[in-house]
Amino acid sequence: MILNEWKEFNTDAESYSQEIFEQHIGDTFEAMCLEEGHDIPNYIWTKHYTVVIKPNTCLIKDIAFVKVPRHPSTM
């Protein structure tokens, strides 16, 4: 499901509010894709990026953010 409002999510290492995420990415939140039954979104769209959220480890719940430009010709 696509959410236009921020929904906080947690890993074992950190809690992500909209403010923390925007500081980490350096861009403003627009929407997120959250699959039913999952606590962590798959994608987050910002003004300039599509951020892919990838699981980072097997033993603890952690993630990595991969920024993909939404409009490469303007970068």
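The values are calculated or read from the model by the stated rules, or taken from the named source; none is laboratory data. All values reported here derive from a predicted model rather than from experimental measurement. Cβ sites come from the backbone with ideal geometry, for glycine too, and all protein chains shown count toward neighbours.
For every residue, the table says whether it meets (1) in a loop (DSSP other than H, G, I, E, B); (2) touching a strand residue (DSSP E or B) at 6+ places or on another chain (Cβ under 8 Å); (3) in contact (Cβ under 8 Å) with a residue 60 or more places away in the chain.
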{"residue": "Trp6", "(1), (2), (3)": "yes, yes, no"}
{"residue": "Ala13", "(1), (2), (3)": "yes, no, no"}
{"residue": "Glu19", "(1), (2), (3)": "no, no, no"}
{"residue": "Asp27", "(1), (2), (3)": "yes, yes, no"}
{"residue": "Asp39", "(1), (2), (3)": "yes, yes, no"}
{"residue": "Thr50", "(1), (2), (3)": "no, yes, no"}
{"residue": "Cys58", "(1), (2), (3)": "yes, no, no"}
{"residue": "Val66", "(1), (2), (3)": "no, yes, no"}
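Residue-wise test of (1) aliphatic (A, V, I, L, M); (2) modelled with pLDDT of 95 or more; (3) touching a Cys at 6+ places or on another chain (Cβ under 9 Å).
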residue	(1), (2), (3)
Glu5	no, yes, no
Gln23	no, yes, no
His38	no, no, no
Thr57	no, no, no
Met75	yes, no, no
Original post:
For Asp27, are the conditions met, namely being at pLDDT below 95, surrounded by 12 or more Cβ atoms within 10 Å (Cβ to Cβ) and among the acidic types (Asp, Glu)?
Top reply: no
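Working carefully through the options Ile60, Ile53, Ile25, find the one that is hydrophobic (A, V, I, L, M, F, W, C) and over 12 Å from the mean Cα position of the chain (by Cα). Give the steps one after another, and end with the answer.
Numbers: Ile53 fails: over 12 Å from the mean Cα position of the chain (by Cα); Ile25 fails: over 12 Å from the mean Cα position of the chain (by Cα).
Ile60 is the lone residue from the list that is hydrophobic (A, V, I, L, M, F, W, C) and over 12 Å from the mean Cα position of the chain (by Cα).
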Original post:
Which of the residues that make up region 1-24 are of a type in the set (A, V, I, L, M, F, W, C) and surrounded by fewer than 16 Cβ atoms within 10 Å (Cβ to Cβ)?
Top reply: Met1, Ile2, Leu3, Ala13, Ile20
